[in-house]
Amino acid sequence: MSSELIYEKKYPNPWEDSDFFTAPDEEGPLHGIPQEPAKFLPRELIENTVQVLMPERMENLPKFLDTAKEIGDQYEIDTTIMENDNRITDSYTLQMDVPYVNLKQILMSADELSVQSQNDKILLTLAYYTCATYFRGRKIAPPDAF
């Protein structure tokens, strides 16, 4: 899966040099959990995966990108926008005390969201699908909520 940086903007963090928050000593959430080997060989995965461009989604993509940048600038939120094989992802690095109601506009236009805790911060990643992905003839993305 390839990805390309479209946009990135970082803001100074007043808490960065503070030792008010300390990072816990941990080895990651998957430490000690046995990992299963992949069930598909990469070659089989590539040969059996088809992506179909969704023109109606491409029409609304500029609005999604503009909204993502606007919100990052307006609230001075670190923003990273990446182009992936079948979607665009918009990632915000938020302080724990950000009023999330300010993100409503971008949340409503996203197809998926992921939230990860990173010490005193939250990484919020929003996905906007531009292609439908099929594996062995079965649709695997985007979710059927569209």
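None of the figures in this text is laboratory data; all of them are computed from the coordinates on show. None of the values given here were measured: they were computed from a predicted structure. Don't worry about glycine lacking a Cβ; one is built from the backbone with ideal geometry, like all the others, and counts go over all protein chains shown.
Points worth noting:
- Output for the stretch 94-146, where each listed residue is in a strand (DSSP E or B) and exposed (fewer than 15 other Cβ atoms within 10 Å of the Cβ): Q95, L113, S114, V115, Q116, S117, Q118, F135, R138, K139, I140
- Filter result (surrounded by fewer than 19 Cβ atoms within 10 Å (Cβ to Cβ), assigned to a strand (DSSP E or B) and not hydroxyl-bearing (S, T, Y)) within the stretch 49-93: V50, Q51, V52, L53, D78, M82, E83, N84
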